[in-house]
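Working notes for the structure below.
A short reminder: the numbers here are calculations on the coordinates, not readings from a lab. Because the structure is a prediction, the values reported are computed rather than measured. Using ideal geometry, Cβ is built from the backbone for each residue, glycine included, and neighbour counts are taken over all protein chains shown.
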Amino acid sequence: MKRGVQAVTDVGTPLELMLADFAARYGGYTPEPVFSQLYDDPELGPMFAYFHDQLTRHFESINDRARSGRHYWADASRELIALIDDLHQALMALTASGVEVRFDDRYRLVVDRCQQWLSTSGGSPIPDNFTSIVVVRYEPVFVRADTTTRLATDRRLVKLKMEGEGSYAIVYSYTDPEYGTRFAIKRAKKGISDRDLVRFKKEFETMKRLSFPYILEVYQYNDTRNEYRMEYCQDTLRSFIKRRNSNLSFPSRKRIALQFLYAISYLHGQSLLHRDISLQNVLLKVYTSNAVLVKLSDFGLVKDPASKFTRTATEMRGTIRDPVLHDFRAYGVTNEIYAIGWVLSYIFTGREALPIADSAVARIVRTCTTHDLANRYQSVRDLIVDVEQLTD
């Protein structure tokens, strides 16, 4: 009996068995360093790095195939199906062992969608409505709950640096004393009208309910100081391109343009219109590796059909104004596309003027900005299709 008990004990816990099985099957595989560095958990880090690495490789390949052949190879399809099965088994084993793991929605939702069209034989036709996958390389997509902690309330004063000023708010930045991470604060100016203060709070509420990689994330509203925290971005689109215009490659410009368009497309999918698209309101989060992420910001003029507060007066606002729009109440998608055209022109040329030369980019910009509304792009999705096909 004692030997039987000892034998059972030697088998190990379900978690130990799962990790031993993983090590036996994938221990010889070395993920890219960028993924290994994201996970410092000695127990689960190697497994997280492996799945993150493999999923990213497949997602990048699918994006390439969507642009060229719209067909994902048979062997690769089977490999991805097996990878997803292994991932689900691992996550279930962790849950059964009492280990809570958060799988980032950006990848979790892509995995769910891929399962709907992947095939085990003959390859997998990529759906016609396929949207390019947002690849996450510099942030962990797996987070073990028992290795995280909540930020404690910190009463220490922090020094604010003024970053910019708008019509009714000032933006500051500061370094969080606990994490050493930089955040931004947007603070309403003293003495603004009650209506503008309501609009300021509404801007926060709108952004808080949005969740998309290319839209600026906001965190917490302080009613006492009429301010809210948000993620910090180092550059505006204008300043980023102005400093790098002579050296910025076409592929880099195209990636920035598509991230910008994906953000607007997501916004329109939420039945919202930005109404204040400009070179200042498109921010860029710049990483030490020189990778950049577009972050659409400044939602103070957003048009929300579900809101009773959306401005209905005829006063025209917004930095880039459509010359054919004479009543702000009539603002629609095609008016938004006019401003989008100006931003795209700047991204690809570095000049704050509409292009004159005949090129693929110029033709796209002209279709955005023509005074004939019927001949403009009627949706951002249509615009994305043409920008995705651009080559040097």
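Axis angle, to the nearest 10 degrees, between helix 194-208 and the longest C-alpha principal axis of the chain: 30 degrees. Evaluating 6.51 cos²θ - 1.76 cosθ + 1.60 at θ = phi - 60° for every residue in the stretch 257-267, the Karplus couplings come out as 4, 5, 4, 4, 5, 4, 4, 5, 4, 4, 4 Hz, glycine and proline recorded as x. Near ALA169, the amide H atoms lying under 5 Å from its own belong to LYS189; only residues 5 or more places off or on other chains count, and H is placed 1.01 Å from N.
For LYS295, the residues whose amide H sits under 5 Å from its own are LEU283, LEU284, LYS285, ignoring neighbours fewer than 5 places away on the same chain, with H placed 1.01 Å from N. Quote the FRET efficiency, to the nearest 0.05, computed for GLU217 versus ARG363 with a Förster distance R0 of 45 Å and r equal to the Cβ-Cβ distance. It comes to 0.80. Note on ASP21 and ASP194: the extension gain reaches 56.0 nm, defined as 0.36 nm multiplied by sequence separation minus the Cα-Cα distance. The share of C-alpha pairs in the stretch 161-231 whose separation exceeds 13 Å stands at 66 percent.
Once backbone amide H atoms are built at 1.01 Å from N, HIS71 has ILE126 as its partners under 5 Å, excluding neighbours fewer than 5 places away on the same chain. Highest mean packing comes first when the peptides 252-262, 221-231 are listed by Cβ atoms within 10 Å, giving 252-262, 221-231. Taking the average, over residues, of other Cβ atoms within 10 Å as the packing measure, peptides 194-204, 49-59 rank 49-59, 194-204 from highest down.
What relative contact order, as a whole-number percentage, does the chain give when Cα pairs under 8 Å and 6 or more residues apart are counted? With pairs under 8 Å counted, the relative contact order is 10 percent. Dividing the mean sequence gap of close Cα pairs (under 8 Å, 6+ apart) by how many residues the stretch 235-388 holds gives a relative contact order of 24 percent.
Karplus-derived 3J(HN,Hα) values for the stretch 28-36, using 6.51 cos²θ - 1.76 cosθ + 1.60 with θ = phi - 60°, are x, 8, 10, x, 4, x, 4, 7, 4 Hz; glycine and proline are entered as x.
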